[in-house]
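To start, the structure under review is shown below, and the notes come after it.
The values are calculated or read from the model by the stated rules, or taken from the named source; none is laboratory data. On a predicted model such as this, the values are computed, not experimentally measured, just so you know. Heads up, the Cβs are rebuilt from the backbone with ideal geometry, glycines too, and the neighbour counts pull from every protein chain shown.
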Amino acid sequence: MKKLKRWVAIILGSLLTIILVLVLYVLLVPLKTYEVKAPVIKVSSDSISLAEGKRMAVMLCQQCHLGKDGSMSGALMEDGPFGTVYSRNITNHPEFGIGSYTDGELAYLLRTGIRNNGTYTPPWMAKLPHLSEEDIHDIIAFLRSDDPLVAPSTNTVPEPKYSFLSKALIKFGVFHPLEYPGEPISPPDTNDVVAFGRYQAVAKWDCYSCHSLDFTKLDVMEPEKSVGFFGGGNPFEVEGSDDVILSANLTFDQETGIGSWSEADFVRAIKTGIKPDKTMTQPPMTPFTMMTDAEAKAIYAYLKTLPVIHNEAVK
Ligand code: HEC
Ligand code: HEC
């Protein structure tokens with residue numbers, strides 16, 4: 001009996017020591033920095049690239065980076081379980097913004113999440129691992145332009161304060177940088193409407209990450225392997241209340257998805273926010289007003305090819 005007690009004490013003691021070491025590791029050891037293996041690129045900025053770059057920046061970056069001065073000068077983004085996080089000043093200011101980044105460093109950050117100082121931006125900064133080389137170049141061309149959205153701003157935001165949870169997720173590799181693609185990514189074939197639609201829904205406008213079951217169960221490198229791919233149910237806090245809103249099921253289930261929607265219903269809902277029953281989509285689903293009809297129709301055609309998911313939770 002005595003022996004047993006001693007063993008239990010030793011095992012418990014060892015477990016407590018291990019937990020203590022892990023906690024101290026998360027709390028005290030600084031987050032690691034990475035080598036920046038930025039490609040050497042120089043983007044061209046003709047009027048077509050700039051216009052496309054602006055369309056992407058407005059639909060993909062502005063919602064997080066827009067500052068009080070009306071340019072993309074950064075703002076408080078999240079003050080919750082992940083800590084206090086600010087988006088950053090990404091205007092052309094050489095000191096306060098991203099004027100010191102090279103084109104290659106921007107491409108490297110947008111694909112992998114590694115900044116030009118080697119630090120890693122966790123999942124709350126967008127990553128574009130599947131975007132075509134051409135589209136990445138267009139975003140960079142826009143970030144370099146003299147558009148008022150990116151005109152040099154001296155706004156500064158505080159450094160992020162990551163919570164214990166965030167630090168643990170980063171240190172144990174749940175949140176980690178993505179690989180930079182070995183070969184340049186080609187644009188989709190515009191004559192293949194389903195492939196073009198997949199590109200819009202997965203690579204470009206990132207519909208799948210909100211519209212699958214759970215942000216923590218996404219497969220970013222192989223999106224189709226995400227749990228509940230396009231079946232909805234991902235919870236979002238409703239601003240100013242304790243309520244939660246679930247993302248919609250975009251598979252063609254008759255009862256819980258968009259199986260009864262026509263192509264015209266779908267195009268109108270994503271471009272204007274008006275659903276077939278005349279109600280409006282709620283935040284965080286904001287209308288994609290700058291999306292072309294061809295893109296919206298292609299997304300519809302693509303979603304129609306997906307395995308149907310019946311999701312009672314989002315009925
Ligand atoms: C969901 C919110 C969100 C979206 C969308 C987003 N970002 Fe960010 N971005 C952030 C946050 C938050 C940080 C800071 C991360 C940190 O401090 O860990 C950041 C950091 C950056 C940085 C690093 C700046 C520096 O000082 O090193 C750049 C550049 C950037 N974002 C560009 C973009 C571009 C371009 C887009 C659109 C393609 C975009 N972001 C979309 C939230 C976002
Ligand atoms: C930031 C997360 C987010 C992104 C990105 C997003 N959605 Fe949504 N979407 C939601 C949420 C949450 C709802 C449920 C709210 C509602 O219906 O009012 C929704 C609702 C919808 C609806 C209404 C469906 C129904 O049955 O009521 C459609 C259609 C839709 N989204 C399509 C898209 C498409 C297409 C994209 C990409 C171009 C997209 N969404 C990107 C979060 C998002």
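Mind listing whichever residues of the stretch 251-277 are in a helix (DSSP H, G or I) and more than 9 Å from ligand 2 (Cβ to nearest atom)?
Glu263, Ala264, Val267, Arg268, Lys271, Thr272
Given the conditions (1) near ligand 2 (Cβ under 7 Å from one of its atoms); (2) modelled with pLDDT of 95 or more; (3) crowded, with 16+ Cβ neighbours inside 10 Å, which single one is not true for Met285?
Every listed condition holds for Met285 apart from (2).
Give the residues of the stretch 238-263 that are farther than 15 Å from Lys275 by Cα and in contact (Cβ under 8 Å) with a residue 12 or more places away in the chain, sorted by residue number.
Val238, Glu239, Ile245, Leu246, Thr251, Phe252, Asp253, Glu255
Filter the stretch 79-102 down to the residues that are buried (at least 17 other Cβ atoms within 10 Å of the Cβ) and free of Cβ contacts under 8 Å to residues at least 60 places away in the same chain and list them by number.
Within the stretch 79-102, Gly97, Ile98, Tyr101 meet the criteria.
Applying the selection to the stretch 181-239, what residues are of a type in the set (A, V, I, L, M) and either out of contact with any helix residue (DSSP H, G or I) (no Cβ under 6 Å at 6 or more places or on another chain) or under 27 Å from Asp138 (Cβ atoms) (or both)?
Ile185, Val193, Val194, Ala195, Ala201, Val202, Ala203, Leu213, Leu218, Val220, Met221, Val238
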